[in-house]
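The values are calculated or read from the model by the stated rules, or taken from the named source; none is laboratory data. Predicted, not measured: the structure shown is a model, and the values here were computed from it. All Cβ positions, glycine included, derive from the backbone under ideal geometry; neighbour counts span all protein chains shown. Heads up: the accessible areas ignore ligands, DNA and RNA and are worked out on the full protein's heavy atoms, side chains in. Shrake-Rupley method; radii C 1.70, N 1.55, O 1.52, S 1.80 Å.
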Amino acid sequence: MEVVDGLSGEVLSVQIFVAVLGASNYTYAEASLSQSLPDWIASHVRAFAYFGGVARQTVSDNLKAGITRACFHEPMVNRTYADLARHYRTAIVPARPYRPRDKAKVEVGVQIVGRWILARLRHRRFFSLVALNEAIHALLIELNDRPLRSWGRSRRELFEELDRPALTPLPDDPYEYAEWKRCRVNRAGPANSDSSLSGFSA
């Protein structure tokens, strides 16, 4: 999808984030400006809020911004992403590279979002990310309310019956984004003898 800057006329290509719950196929989607770590984290926060809870495991794409080393059994997760997981009490399980079956639910979800939401918006022009996400959200409600042919029930009905009771509650406050960095400082005297400190910037 694309967003047009109303002042400069510049056309910006945007990324589509998709999350799908395992039992009901209840789907969340949104547009973001990039696949950078801040956008990746913010999309997770909004997805968890949309679901009203958090699954015990989050099977994620092996995006370089969030996954340092993609391994199904012993993954290395970016410190900020791990911090988000602790905050929401979920385990991050990255899919292995070139193993789409590791995240088969969301692979299908991406196809469905492409066909049922993005295809219907492709001829419309959007002048802000907010406007695009409002349009996506409206069609997302329709998608989750559509009866599934194989079940005769909607994703929302299955979500209320199967997934919602299994989700852990959201924390009192949403996760606040932070980047962790290792910094070196000059020695000022005996009281500050350690030459390296770890910290974060919000």
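If ligands, DNA and RNA are left out, what is the accessible area of Trp116 with a 1.4 Å probe, given in Å² to the nearest 10?
100 Å²
Give me the extension gain from Arg122 to Tyr50: residue separation times 0.36 nm, minus the current Cα-Cα distance, reported in nm with one decimal.
23.5 nm
Viscosity 1.002 mPa s, temperature 20 °C: give me the Stokes-Einstein translational D for the stretch 103-161 in µm²/s, with Rh taken as the Kirkwood radius over C-alpha pairs.
Answer, rounded: 169 µm²/s.
Quick one: Debye curve from the alpha-carbon atoms of the stretch 84-187 only, equal weights, vacuum; give me log10 I(q)/I(0) at q = 0.16, 0.21 Å⁻¹ to two decimals.
After summing over all Cα pairs, the log10 values are -1.12, -1.31.
For the pair Asp5/Glu179, report the inter-label distance in nm, with labels modelled 7 Å from Cα in the Cβ direction.
My value for the distance between the label points is 2.0 nm.
Ile92: accessible area at probe 1.4 Å, nearest 10 Å²?
Accessible area, nearest 10 Å²: 20 Å².
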